[in-house]
1. Of all residues being touching a Leu at 6+ places or on another chain (Cβ under 8 Å) and hydroxyl-bearing (Ser, Thr, Tyr) in the range 185-208, which is farthest from Ala55 (Cα to Cα)? Just the residue, please.
2. Looking only at the range 1-42, count how many residues are part of a helix (DSSP H, G or I), without any contact (Cβ under 8 Å) to a residue 60 or more places away in the chain and open to solvent by 20 Å² or more (accessible area, probe 1.4 Å).
3. So which of Gly107, Gly45 ends up being surrounded by fewer than 21 Cβ atoms within 10 Å (Cβ to Cβ) and within 25 Å of Asp282 (Cβ to Cβ)?
4. Which residues, taken from the range 258-282, are assigned to a helix (DSSP H, G or I), touching a Gly at 6+ places or on another chain (Cβ under 9 Å) and surrounded by fewer than 20 Cβ atoms within 10 Å (Cβ to Cβ)?
5. Can you name every residue in the range 179-202 that is open to solvent by 50 Å² or more (accessible area, probe 1.4 Å) and without any contact (Cβ under 8 Å) to a residue 40 or more places away in the chain?
6. For the subset of the range 239-252 comprising residues that are in contact with a Leu (Cβ under 7 Å, 6 or more places away or on another chain) and of a type outside the set (Phe, Trp, Tyr), which member is least open to solvent (accessible area, probe 1.4 Å)?
7. Can we say Ser255 is open to solvent by less than 50 Å² (accessible area, probe 1.4 Å), of a type in the set (S, T, N, Q) and either more than 30 Å from Gly61 (Cβ to Cβ) or outside any helix (DSSP H, G or I) (or both)?
8. Mind listing just one residue for me: the one in the range 112-138 that is small (Gly, Ala, Ser) and in a helix (DSSP H, G or I) and, of those, farthest from the chain's Cα centre (by Cα)?
Amino acid sequence: MISYKEKYNEYLTGFDSLLEDFCHGLNCKPEKLAKSLKYSLKSGGKRLRPVLMFAVGELLGVERKKLSNFALALELIHTYSLIHDDLPEMDNGDYRRGRLTNHKVFGTGNAVLAGDGLLNTAYSLLFGECFKGNDYVSAAKFICDCAGINGMIAGQSADLEHENDECVDESVLNFIYENKTAKLLVAAVVVPSILCGGKYYAELKTFGSVLGNLFQLTDDILDVEGTFEQLGKSTGKDKAEGKYTGVRLYGLDGSKVRADVLADKCTGILEKFDGDISFLKDLVQFVRQRIF
């Protein structure tokens, strides 16, 4: 029987092959722009969103080739968000995935343009899919909505607005978690559903939301007790910058208990599905433990 790690690597290898072909075709000018795009796209990472999309697609019987450009677009959007998130005016990150952040290598102005370029290229990929039929239009729009002003961007804005608030309000924290992190994971699991007529649509939407909240909560935990080697980025920044985090609201031990509850909730949702859910159940534990 194939192990979780082997299956993850199968999905990861498949996506990395697509990304390599995509990067090979990135011959835009000036050369510095092309280099900055490829620098962040090829910096490694878990590729959690494409892996999730491929795994759910396999569960629902959606051919991977139907998902390829959606997976690419989603990873481009995620990468652009990381480039912008690391900017001095945002989280001012020096390292991402164990390497210097884009603006540290190419300058702030070029990093902004690299992020803008990835977002626009993602939308071009999604527009290209729309010629294939109404389900593809719906899937493309769903990703755009998850990434936009009612999704990830709203979460990022709230994250900035509430830096250094004296008290942490749970409703605000939930808004940040849901939009900043969860929405792109929701997109990853819902797109395959849209492309096969909406099978398990509501269940997958809830699953993606809970998984996204779990992911962000474990990220908050690891900022306190993780290491640079484990995360590929500096730790202790949340407290230093007065970030709105689960640890501030629930405490470290309370956050761990809550993370366990969220993981159990994810597993409970998956058990309503027909088919082999073993990989997705293991992936939930992978996110809970965050041992990459």
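1. Across the range 185-208, the extreme among qualifying residues is Tyr200.
2. Of all residues in the range 1-42, those part of a helix (DSSP H, G or I) come to 4-24, 31-41.
Restricting the remaining residues to those that are without any contact (Cβ under 8 Å) to a residue 60 or more places away in the chain gives 5-6, 9-14, 16-24, 31, 34, 38.
Still in the list and also open to solvent by 20 Å² or more (accessible area, probe 1.4 Å): 5-6, 9-10, 12-14, 16-18, 20-22, 24, 31, 38.
Residues in the range 1-42 being part of a helix (DSSP H, G or I), without any contact (Cβ under 8 Å) to a residue 60 or more places away in the chain and open to solvent by 20 Å² or more (accessible area, probe 1.4 Å): 16 in total.
3. Selected residue: Gly45, the only one of Gly107, Gly45 that is surrounded by fewer than 21 Cβ atoms within 10 Å (Cβ to Cβ) and within 25 Å of Asp282 (Cβ to Cβ).
4. Step one: list which residues in the range 258-282 are assigned to a helix (DSSP H, G or I), which gives 258-270, 278-282.
With touching a Gly at 6+ places or on another chain (Cβ under 9 Å) added as a condition, the list becomes 258-259.
Result: Arg258, single match.
5. Result: Tyr201, Ala202.
6. Gly246
7. yes
8. Restricting attention to the range 112-138, the residues satisfying the condition of being small (Gly, Ala, Ser) are 114-115, 117, 122, 124, 128, 133, 138.
From the residues that got through so far, the ones that are in a helix (DSSP H, G or I) too are 114-115, 117, 122, 124, 128, 138.
Values: Ala114: 18, Gly115: 15, Gly117: 18, Ala122: 14, Ser124: 19, Gly128: 22, Ser138: 20 Å.
The residue in question is Gly128.
The values are calculated or read from the model by the stated rules, or taken from the named source; none is laboratory data. All values derive from a computational prediction rather than experimental measurement. In this analysis, Cβ positions are derived from the backbone assuming ideal geometry, glycine residues included, and neighbour counts consider all displayed protein chains. For the accessible areas, the whole protein counts, side chains as well, though only heavy atoms, and no ligand, DNA or RNA atoms are used. Shrake-Rupley method; radii C 1.70, N 1.55, O 1.52, S 1.80 Å.
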